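Student: What follows is a single structure, and I will ask about it in a moment.
The values are calculated or read from the model by the stated rules, or taken from the named source; none is laboratory data. This is a predicted model, so every value here is computed, not measured. Quick reminder, even Gly has a Cβ in these numbers, built from the backbone with ideal geometry, and neighbours come from all protein chains shown.
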Amino acid sequence: MRKVTFPHMGHSYIAFKMAMEEMGNEVIIPPRPGKETLDLGVKYAPEFACLPYKVLLGTYLQTVAKGMDTIVTSGGVGPCRAGHYAHLHQAILHNLGYNVNLICFEPPKRHPIDFYRKVQSLNNAKLSISSIIKLLKRGWHKLKALDHMEKLSHQIRPRELKRGTTSKVYLQAQRWLDEARTHTEIKVAEAEGVKAFNDIPQDSERKVIKVGLVGEIYVLLEPASNLEIEETLGHMGVEVERSLFLTGWTVDNLQKNTEELMTVTEAAQPYLPELIGGHGRDTIGHTVIYGKRKFDGVIQIAPFTCIPEIVARTILPKVSKLHDIPVLTFFLDEQTGKAGMVTRLEAFVDLLKRKKQNISISQTATTLN
Amino acid sequence: MIAYLGVDVGSVSTNIVVVDDDNNVLINLYLRTNGRPIETIKTGLKEAASMLDPEVRIAGAGTTGSGRYLAGVIIGADVIKNEITAHAVAASILVPDVQTVLEIGGQDSKIIIMRNGVVTDFAMNTVCAAGTGSFLDQQASRLNIQISDFGALALESNNQIRIAGRCTVFAESDMIHKQQMGHCIPDIVNGLCEALVRNYLNNVGKSKEILTPVVFQGGVAANLGIKAAFERELGIPITIPKYFNVMGAVGAAQLAKEEIQTTGETSFKGFAVTNMPYHTTSFECDGCSNACEVVEIYQENKVIGRWGNRCPKWDIV
């Protein structure tokens, strides 16, 4: 039996685990990236590789020690070096004496036959094609339910009466969804989760500010890689809306362009008319949209040395000025400390709160006049 | 009479101020932290208490700086604020129409853009300390001159020489090269000041709209060479406020005053805290793969503060 692992990206492992297991593979669950993951990754990765590269390499080294023999991951479209990462990871693992197999999925709309072959090579349970399609649909259902839970946590955390309640409920909801295997079970677990979130005692009077989170996909989706920025902001009384979810990204890469992606591209058009790889253009487009939707601010997070995000970063001051929306950027690497990040976040939140107060004061002043 | 206490515990210095209700600074102390923040806070508070008019009652206390949480739990602060907000608040009360704040401290440097008394943008150095006080400290000791003489020496310079200041290590190589070529010390010192300013404006000040009045504060503002270099580079006059080296603490005191207006009563424990014994311990939490190193601070035998934890598990309610 194949012993597979895959990158740890937020809660998505719960859905991948189900799909892999039902196709007849033993899953070595990737551990949540921690100190050990990063230490291993930094030790064996090229120095100037980005944070996601190092985290993934560390993850593979941790799972190979538990007997993992196959990596399942994705390639990439567009000129971002992440498209080559899987093969470089495999080469480094080979040099270290681990002969692991690599199954690297490319976007199916571009490489349909390749996609089919790779699915079959994981199909050790010899499922029929229709069963595989059903299984993928169920995995998709689960992933959407998980994203739904995360969105609720972003909305409720800044309003919770007791600090930490939302994070606990979110963890519990993930466990419920992990156990759910059929469509009905997933539906029930999702409904239970929604109920648990709604039962959290909230302070409806609290003045909550709204921040959009943009940037590179891995550091956006894996809280361990961004020093739990969403949770930290939530505890500061900030409602976060994240520009990217795995279900959203997959839709963009599976079907014809979704309406949302079109508008993001259109929004970015005056500033960045080209696809520059990674999520650089999305970062610009989402910032414009958050500005139009009158958000209080935008935070960009990206791995240190990430070219698409560096390009976006140099354009953002203009977007920020024209749309009157403050923007704060974090470039993350293994050196980034939580204390420094908290200091900057606190100052940014102060800025947004004072700006909002002033607006409401000047509005009252005009109405009084 | 009532007054407010502000404490700024930074990497290099610990500053303590007492500000009265009309924004007069009654006491300002600038002490070296020397890597012993608890000791420094205690001796500083003792000194402040002995200097303070017994008629003055502390109506509120605030802390800031990288050691703000530590200082906050020790003194019982009403407000614990990040240094960016504290510096901005201080600049706006001492120079009311300020639009730009340049702040250079021991290991960090920031730029704060303000419009109509409100912060609209800011930046803080991230990966590099080449634009901070520590950079100058390093170079001064390599040249074997006192850091306090640095600024005056720079002003004696007659020739402009360009030193690569992107990185402290390369700056040293370049500086040695300039010495071998026969340049005199004042020119080299001035070159270093310009290198720091260039670095600051290219890193921290990148794409920020610098408008007058510009206020320059933080420990490095004592250096006249840097001030002159800023003025040459920006082509506008720079104001150095009277209390430039304790501005963070002034801001913390002001923020405490604002906080008290809503809460009504201070949680300041009084100057007696300086007589209490404090000690810290740490442990690694095994709750998840984060393996957070949690630091605990004890006042006598009671835990008064914990930090380092990423989740609220170890929060003290």
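Student: Could you please let me know if B:ASN290 is within 14 Å of chain A (Cβ to nearest Cβ), touching a Lys or Arg at 6+ places or on another chain (Cβ under 9 Å) and of a type outside the set (Gly, Ala, Ser)?
Tutor: Taking the combined requirement at face value, the residue satisfies it.
Student: I would also like to ask the following. Do any residues in the stretch A:56-75 that are touching a residue at least 12 places away in the same chain (Cβ under 8 Å) and in the same structural domain as A:THR37 (by TED's automatic domain parsing) have Cβ atoms under 8 Å from those of residues that are among the basic types (Lys, Arg) and in a loop (DSSP other than H, G, I, E, B), where the two are at least six apart or on different chains, and which pairs are they?
Tutor: Partner pairs satisfying both residue conditions: A:ASP69/A:ARG2; A:THR70/A:ARG2.
Student: If you don't mind, there's one more thing I want to ask. Looking only at the stretch B:12-26, how many residues end up being part of a loop (DSSP other than H, G, I, E, B) and within 18 Å of B:THR85 (Cβ to Cβ)?
Tutor: Within the stretch B:12-26, the subset part of a loop (DSSP other than H, G, I, E, B) is B:12, B:21-24.
Retained after the next criterion (residues that are within 18 Å of B:THR85 (Cβ to Cβ)): B:23.
Residues that pass the stated criteria total 1.
Student: From the list B:ALA253, B:ALA222, B:ALA291, which residue is small (Gly, Ala, Ser), surrounded by 22 or more Cβ atoms within 10 Å (Cβ to Cβ) and either under 24 Å from the mean Cα position of the chain (by Cα) or not assigned by TED's automatic domain parsing to the domain that holds B:LEU26 (or both)?
Tutor: Details: B:ALA222 fails: surrounded by 22 or more Cβ atoms within 10 Å (Cβ to Cβ); B:ALA291 fails: surrounded by 22 or more Cβ atoms within 10 Å (Cβ to Cβ).
Only one candidate qualifies: B:ALA253.
Student: Now a separate question. Output the residue which, of all residues in the stretch A:12-43 that are within 14 Å of chain B (Cβ to nearest Cβ) and among the aliphatic types (A, V, I, L, M), is surrounded by the fewest Cβ atoms within 10 Å (Cβ to Cβ).
Tutor: A:ILE29
Student: Out of all the residues in the stretch B:274-297, is one or more in a helix (DSSP H, G or I) and in contact (Cβ under 8 Å) with a residue 12 or more places away in the chain? Before you say what the answer is, go through the steps one by one.
Tutor: Step one: of the stretch B:274-297, the residues in a helix (DSSP H, G or I) are B:274-275.
Filter once more, keeping what is in contact (Cβ under 8 Å) with a residue 12 or more places away in the chain: B:274.
Looking through the stretch B:274-297, at least one residue is in a helix (DSSP H, G or I) and in contact (Cβ under 8 Å) with a residue 12 or more places away in the chain.
Student: Right, another one. Do the conditions hold for A:ILE217, that is, is it surrounded by 15 or more Cβ atoms within 10 Å (Cβ to Cβ), within 23 Å of A:PRO7 (Cα to Cα) and of a type outside the set (Gly, Ala, Ser)? Even if it seems obvious, please write down each step before you answer.
Tutor: Values: surrounded by 15 or more Cβ atoms within 10 Å (Cβ to Cβ): yes; within 23 Å of A:PRO7 (Cα to Cα): yes; of a type outside the set (Gly, Ala, Ser): yes.
Yes, satisfied.
Student: Criterion first (in a helix (DSSP H, G or I), more than 13 Å from chain A (Cβ to nearest Cβ) and of a type in the set (Val, Ile, Thr)) does B:ILE41 satisfy it?
Tutor: yes
Student: OK, next. Would you please list the contacts, defined by Cβ atoms under 7 Å and residues six or more apart or on different chains, that run from a residue in the stretch A:123-148 that is touching a residue at least 12 places away in the same chain (Cβ under 8 Å) to a residue that is of a type in the set (A, V, I, L, M) and surrounded by fewer than 14 Cβ atoms within 10 Å (Cβ to Cβ)?
Tutor: Within 7 Å, the pairs are A:ASN124/A:MET1.
Student: I'm told A:LEU127 meets every condition in (1) out of contact with any helix residue (DSSP H, G or I) (no Cβ under 9 Å at 6 or more places or on another chain); (2) more than 18 Å from A:MET9 (Cα to Cα) except one. Can you identify the failing condition by its number?
Tutor: Unmet for A:LEU127, out of (1) out of contact with any helix residue (DSSP H, G or I) (no Cβ under 9 Å at 6 or more places or on another chain); (2) more than 18 Å from A:MET9 (Cα to Cα): (1).
Student: I'd like to verify a number: residues in the stretch B:172-203 that are among the small types (Gly, Ala, Ser) and surrounded by fewer than 16 Cβ atoms within 10 Å (Cβ to Cβ), how many?
Tutor: First, pick out the residues of the stretch B:172-203 that are among the small types (Gly, Ala, Ser): B:173, B:182, B:191, B:195.
Restricting the remaining residues to those that are surrounded by fewer than 16 Cβ atoms within 10 Å (Cβ to Cβ) gives B:173, B:182.
Residues meeting the conditions: 2.
Student: Being within 25 Å of B:GLU293 (Cα to Cα) and assigned to a helix (DSSP H, G or I) is the filter here, so list the residues in the stretch A:328-352 that pass it.
Tutor: Result: A:LYS338, A:ALA339, A:GLY340, A:MET341, A:VAL342, A:THR343, A:ARG344, A:LEU345, A:GLU346, A:ALA347.
Student: Next up: Is it the case, given these coordinates, that A:ILE315 is within 14 Å of chain B (Cβ to nearest Cβ) and either more than 18 Å from A:LEU244 (Cβ to Cβ) or part of a helix (DSSP H, G or I) (or both)?
Tutor: Considered against the rule, which asks whether it is within 14 Å of chain B (Cβ to nearest Cβ) and either more than 18 Å from A:LEU244 (Cβ to Cβ) or part of a helix (DSSP H, G or I) (or both), A:ILE315 comes out as yes.
Student: Kindly indicate whether any position in the stretch B:246-265 is more than 13 Å from chain A (Cβ to nearest Cβ), in contact (Cβ under 8 Å) with a residue 24 or more places away in the chain, in a helix (DSSP H, G or I) and of a type in the set (Ser, Thr, Tyr).
Tutor: The answer is yes; a qualifying residue exists.
Student: Just to be sure I understand, how many residues within the stretch B:293-317 are over 24 Å from A:ARG157 (Cα atoms), within 13 Å of chain A (Cβ to nearest Cβ) and not charged (D, E, K, R)? Working first, answer last.
Tutor: Residues of the stretch B:293-317 that are over 24 Å from A:ARG157 (Cα atoms), as a first pass: B:293, B:295-304.
Those left that are additionally within 13 Å of chain A (Cβ to nearest Cβ): B:293, B:295.
Then drop every residue that is not not charged (D, E, K, R), which leaves B:295.
Number satisfying all stated conditions: 1.
Student: Considering the stretch B:17-41 alone, what residues qualify as being within 18 Å of B:GLU258 (Cα to Cα) and touching a residue at least 24 places away in the same chain (Cβ under 8 Å)?
Tutor: Listed by number, the residues that qualify are B:VAL17, B:VAL18, B:VAL19, B:ASP20, B:ASP21, B:ASN23, B:VAL25.
Student: In the stretch B:92-139, how many are closer than 19 Å to B:ILE240 by Cβ and within 14 Å of chain A (Cβ to nearest Cβ)?
Tutor: Summing the residues that are closer than 19 Å to B:ILE240 by Cβ and within 14 Å of chain A (Cβ to nearest Cβ) in the stretch B:92-139 gives 12.
Student: Please work out which residue is surrounded by the fewest Cβ atoms within 10 Å (Cβ to Cβ), limiting yourself to the stretch B:266-287 and to residues that are in contact with an Asp or Glu (Cβ under 9 Å, 6 or more places away or on another chain) and within 14 Å of another protein chain (Cβ to nearest Cβ).
Tutor: B:GLU284
Student: How many residues, within the stretch A:221-230, are of a type in the set (Asp, Glu) and more than 8 Å from every other protein chain (Cβ to nearest Cβ)?
Tutor: 2
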